[in-house]
Structures are given as structure tokens and as C-alpha cells.
Amino acid sequence: MEPKNQTILEFHLIGLSENPDLQPILFGLFLTMYLVTVIGNMLIILAIISDSHLHTPMYFFLCNLSLVDIFFSSTTVPKMLVNIQTRSTAIPFTGCLAQMYAFHLFGTMDSFLLAVMAIDRLLAIAYPLRYSVLMSPHICGLLVGGPWVITNLQSLVHTCLMAQLTFCAGSEIPHFFCDLMPLLKLSCSDTSTNELVIFAFGIIMGLSPLSCILVSYICIFRAVFKIPSAQGKWKAFSTCGSHLTVVSLFYGTIFAVYLQPASPTSSQKDKTAALMCGVVIPTLNPFIYSLRNKDMKAALRKLTHKAVLL
């Protein structure tokens, strides 16, 4: 047991099952999902870069989303794989802070990019003649660069406040990565400021992208219903299919996990949401955006053909 007057410099992540019979299964499962995430999203990025027909705002945002998904998954999965393989749950305090910073950076960036992609679809459907002006390269850069600044600021504030705390209430984190609330529970310092900042950022960073997505799709539905022909309606709305699927998975998971009566299993809910948003959904995104998109499938075929010829 750690002395009460000494801060802890190393934590232990005990969120995964320690059953030795399950360890090989978990290792194989997470390794497969991680490889699919990295390879699948890298193929999307390379396909978009190599095909000039895909040098449009929609695919520029998709390219950024794929990049963020790789980083998001890489924040937690490699450490999980190392812990399972070495049968060690230890993570140093500095590594814990770095993981916390990266998880909230890329997780929040994911939601902001989904909001930006919703705006892009709205402008493409509602204002097709002005779309190229409204979505100029300069505007696209601002729509991506702005969220990067905001999400880095959020993570920096959380990390700096956490670094000032003293930890002496134990070293075991009931999660598979270092997250804000499990860490705060191990602190013997006053955490009221941290909790207030978490609440404020949670409201702003959570509701802003979601509100933007909801408003965008309300406007999209209104614009689509004004199109006279059924074929025109289907063609306009089909461009939103993949994005709407990812949004439904991302926010559907959050709502399904957290919009339930309070229970003693809150830590289990946190782990479920983190696994879905940080591991499962980044694995599914390449399939969602490629299988339902003719242009992307054509670009991937070209990329594969070039690779075979080399």
C-alpha cells in the first residue's frame, strides 16, 4: 500500500479481464481490429490522395476523419496489447497523462469532424451552385484547423489540472486506459476545479457538434423534400448515407450507454462506450465509407492496381 503522504508515480490498468483463458482471445481480437483500423483507414487516405477526382471538400474531411481514427485507436489499443502480452498492467504517471491527453483530443476531434462533414453535406445539397465558393480550400482549412486548436486546448487544460493533483488513494484504475474520472477518484487533493472544468468542457464539446449535426440534417431533410423528382431526392440523400451511419453509431452508442437509470455499474458503462467509440467504430468506418461509395470503391481499385503493377 502506498504511503498516504506520497503521490503515486505508477498506475495499474485493471479494466480488462485477468482470466488467463481469455487473454489470448482478447489479444487476437484487439490485434485484428487494430490492424483492420490502421490498414483500412490508410487505404482510404492513400486512395483519396492518389485520385484527383476525390480532391473535393467531402473527401478532404473524410481523409482527416480516417487519420484521426488511426490516432484515436492507437491511443489505447497498442498499450492494451502490450499489457496482455506481458501480463503487466503498469503505466507510469507521465504515460497516463499522455494517454488521457490523446484520448480526449482525438475523441473530441472525431465528433467535430462529423459535425463539419454534416455542414459540408448541407451546403452541397441546399446550395449546389454556390458550393465551390462556400467550401473553398481556405474555408475547408479553417473548418478542420479550428477544431484541432479547440480540442488541443481542451486536452491541455485537463492534463495540466490533472498534473497538479496528488494521488495517494490507490493505484488501480478500473479501466483499460487512463481516463479523467477514474483518475480523479484516486486523488487525495481537492478535485472540485477539475470536476467543474470537465462538466463545462463536456457540455460545450459534447453539445456543440451534436447540435450542429442535428440542425444540419434538419435543413438537409427540408432541402431534399423540396426536390421535385424522387430520383433527385434519392441522389441527394444518398450522399449522406455513409456519414449518417457513422453518426448514428457514434452517438447511438453514447446515448444507449449513458441514457439509462443510474446504477453501480457506471465504470462498466464508461468502458463500453470507450471501446465502441475508440476501438469498434474506427474499425467499421473504412467499410462504411468504401462499401457504400462508388467513387471510393473505384479509387481503391485503382490504388490496388497500381500496387500490383509496382
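Quick notes on this one:
- Taking the chain as a Gaussian network of alpha-carbon nodes connected by springs under 10 Å, the highest mean-square fluctuation of the residues His104, His12, His53 belongs to His53.
- Against the chain, whose longest principal axis is taken from its Cα atoms, helix 281-291 shows a tilt of about 10°.
- Model label sites at Leu214 and Ile49, defined 7 Å from Cα along the beta-carbon direction, differ in position by 3.8 nm.
- Computed helical MRE - 222 nm, the chain, DSSP H runs ≥ 4 contributing -39500 (n - 2.57), nearest 500: -25000 deg cm²/dmol
- Ratio Rg/Rh, restricted to the chain and using Cα atoms, in which Rh is the Kirkwood radius: 1.01
- Cα gyration tensor category, rounded, prolate or oblate, for region 10-86 with a/c compared to 1.5: prolate
- For region 63-127, averaging the sequence separation of C-alpha pairs within contact (under 8 Å, six or more residues apart) and dividing by the residue count gives a relative contact order of 49 percent.
- Prolate/oblate/rounded label for region 67-142 (Cα gyration tensor, a/c 1.5): prolate
- For Ser50, neighbours were defined as the other residues whose beta-carbon sits under 10 Å from its Cβ, and their charges (Lys and Arg +1, Asp and Glu -1) total +1.
- Local electrostatic count, Phe250, Cβ distance below 13 Å [Lys/Arg +1, Asp/Glu -1]: -2
- With Cα atoms, 0 to 90° folded angle of helix 137-163 axis to the chain main axis: 10
- Sum of side-chain charges, Pro286 neighbourhood, beta-carbon under 12 Å (Lys, Arg +1; Asp, Glu -1): +1
- Gyration tensor verdict on region 27-184 (Cα atoms; rounded if a/c is under 1.5, prolate if a/b is larger than b/c, oblate otherwise): oblate
- Among the trypsin sites (Lys or Arg not before Pro) found in region 70-171, those both in a DSSP coil and sparsely packed, with 15 or fewer other Cβ atoms within 10 Å of their Cβ, are Arg87, Arg130.
- For region 156-257, pairs of C-alpha atoms spaced more than 20 angstrom apart make up 59 percent of the total.
Coordinate-derived values only; no laboratory data. For clarity, every value in this text was computed on a predicted model and none was experimentally measured. Neighbour counts are summed over all protein chains in view; Cβ atoms, including those assigned to glycine, are modelled from backbone coordinates with ideal geometry.
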